[in-house]
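Report on the following structure.
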Amino acid sequence: MIFDRSAFYMKLDILAIGVHPDDVELGCAGTLLKHIELGYKVGILDLTKGELGTRGTAFTRKQEAEDAANILGVALRENLGFEDGFFNDDKHHQIQLIQVIRKYRPEIIFTNAKHDRHPDHGKAAALTNAAVFLSGLPKIETTLNGVLQEAFRPKSLYNYIQAIHIEPDFVVDITPYFDKKMEAVLAYKTQFH
């Protein structure tokens, strides 16, 4: 097969991955806003619809995620539709995530915390870590719209802090973006009372 990059991917600088809609907003929205203002092309990928959440439904979470994406001004937001609570770090899920990484070819990926109160967060971190590495292996073949995708590995993978505090490797000053971050967080009306 022949690679046709122009027809099957949009180059992103940063792809922020969250297992649930609202994880990205809570974990790294200020950093995304700062980079968008600097001219970076940023996208968000939600792995699940958050359908097991105590509040809201998959439908309301989808609308809230779209509203938050509009507030942030990201280039795109997608949802892989993995089963909330029951997805795994396995070949089936890795291949789907590899396809997205190869489609958007981000230089930087942000994802969930490696260890956190919610077990899905750590599972998503492990899944993303595996997919980032495997996406660079040419012997793992994936296709998009019937066309073979070219292997690609992002340069950096960072985990954002969630419920459990961890000592950060670096801190991004988001002071000028904090109010806008909170606006995006509060777009999830069903999640906050």
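Laboratory data are not the source of any read-out in this text; all were calculated from the coordinates shown. Please read all numbers here as calculations on a predicted model, not as lab measurements. Positions of Cβ are backbone-derived with ideal geometry, glycine not excepted, and every protein chain shown enters the neighbour counts.
Quick rundown of the values:
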| quantity | calculated |
| --- | --- |
| Antiparallel DSSP beta bridges within the chain, percent to nearest 5 | 10 |
| Local electrostatic count, A151, Cβ distance below 11 Å [Lys/Arg +1, Asp/Glu -1] | +2 |
| Sites matching chymotrypsin sites (Phe, Trp or Tyr not before Pro) across the stretch 52-124 that sit in DSSP coil, with at most 13 neighbouring C-beta atoms within 10 Å | F86 |
| Net charge of Cβ neighbours under 10 Å - reference H93; Lys, Arg +1; Asp, Glu -1 | -1 |
| Mean-position separation - Cα centroids, the stretch 7-44 and the stretch 163-193, in angstrom | 13 |
| Kirkwood estimate for the chain, i.e. one over the average of 1/r between Cα atoms, Å | 16.8 |
| Gain upon complete extension [Y158, V171; 0.36 nm per residue less C-alpha separation] | 3.5 nm |
| Whether the stretch 26-136 is rounded, prolate or oblate, judged on the alpha carbon gyration tensor where a/c under 1.5 counts as rounded | oblate |
| Dipole moment magnitude, nearest 20 debye, the chain about Cα centre, only Lys, Arg, Asp, Glu C-beta charged | 400 |
| Given charges at Cβ of Lys, Arg, Asp, Glu: the stretch 77-118 dipole, positive-most of I95, I109, N79 | I109 |
| Per DSSP, loop trypsin sites (Lys or Arg not before Pro) in the stretch 13-55 with at most 16 further Cβ within 10 Å | R55 |
| Choice from T31, T142, T54 showing the highest fluctuation, given a GNM over the chain with Cα pairs closer than 10 Å | T54 |
